[in-house]
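What follows is a set of notes on a single structure, which appears directly below.
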Amino acid sequence: MTESQALRTAFSAFPSGVTAVAALVDGARPHGLAASSFTSVSLDPPLVSVCVAKTSTSWPLLRECRRIGVSVLAAHQGPLARVLASKTDSRFNDVGWTASDEGAVFITDAALWLDCSIEDILPGGDHDIILFRVGSFESFDGVSPLVFHSSKFRELVI
């Protein structure tokens, strides 16, 4: 195992939520990616962040969008997260989604929807740290989030 692989395994000891970051590209076609590096940053102003690999082919398309939806995926959406993390162009073919008037895309049955704009993009090694300003949100009480831990999707057990 390389040092990089060992570090990836070590980092996987920390559980995280899983998000879909998506928008309508050119005002028509949904495009997005899965990100497990989501975190809340600030309440005033309302800010969240995700980290995106510099090798991402999806992020260059999304970063040009005026509004971007961040959906916190629900416990049953592990297979969907795998599809959104894939390199195929057909990621949204069998995905339930809705879009805001300004083009933010939200995943149906998610635990939380955040309608965001890009506040800043910061370099972070082999990733970019995307700081989003939350314009509005919709929380779905009673929907358990999907958790990524030890390279597997899991449910919270309460």
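Considering only residues in the range 52-61 that are part of a loop (DSSP other than H, G, I, E, B) and within 16 Å of Ala23 (Cβ to Cβ), the one that is most open to solvent (accessible area, probe 1.4 Å) turns out to be Thr57.
Residues in the range 131-149 that are among the small types (Gly, Ala, Ser) and in contact with a Leu (Cβ under 9 Å, 6 or more places away or on another chain): Gly135, Ser136, Ser139, Ser144. Selection of strands (runs of 3 or more DSSP E) fully inside the range 1-51 by the criterion of at least 2 residues being surrounded by fewer than 17 Cβ atoms within 10 Å (Cβ to Cβ) and out of contact with any strand residue (DSSP E or B) (no Cβ under 7 Å at 6 or more places or on another chain) returns 39-43. The set of residues in the range 1-41 being polar (S, T, N, Q) and more than 13 Å from Cys116 (Cβ to Cβ) consists of Thr2, Ser4, Gln5, Thr9, Ser12, Ser16, Ser36, Ser37, Thr39.
Here the strands (runs of 3 or more DSSP E) wholly within the range 62-158 that include at least 2 residues being among the β-branched types (Val, Ile, Thr), in contact (Cβ under 8 Å) with a residue 60 or more places away in the chain and surrounded by 13 or more Cβ atoms within 10 Å (Cβ to Cβ) are 68-72, 105-107, 127-139.
The values are calculated or read from the model by the stated rules, or taken from the named source; none is laboratory data. Predicted model, so just to flag it, every value in this text is computed and none were measured. Cβ atoms come from the backbone with ideal geometry, glycine included; neighbour counts cover every protein chain shown. Surface areas here come from the heavy atoms of the whole protein model, side chains and all, with no ligands, DNA or RNA. Shrake-Rupley method; radii C 1.70, N 1.55, O 1.52, S 1.80 Å.
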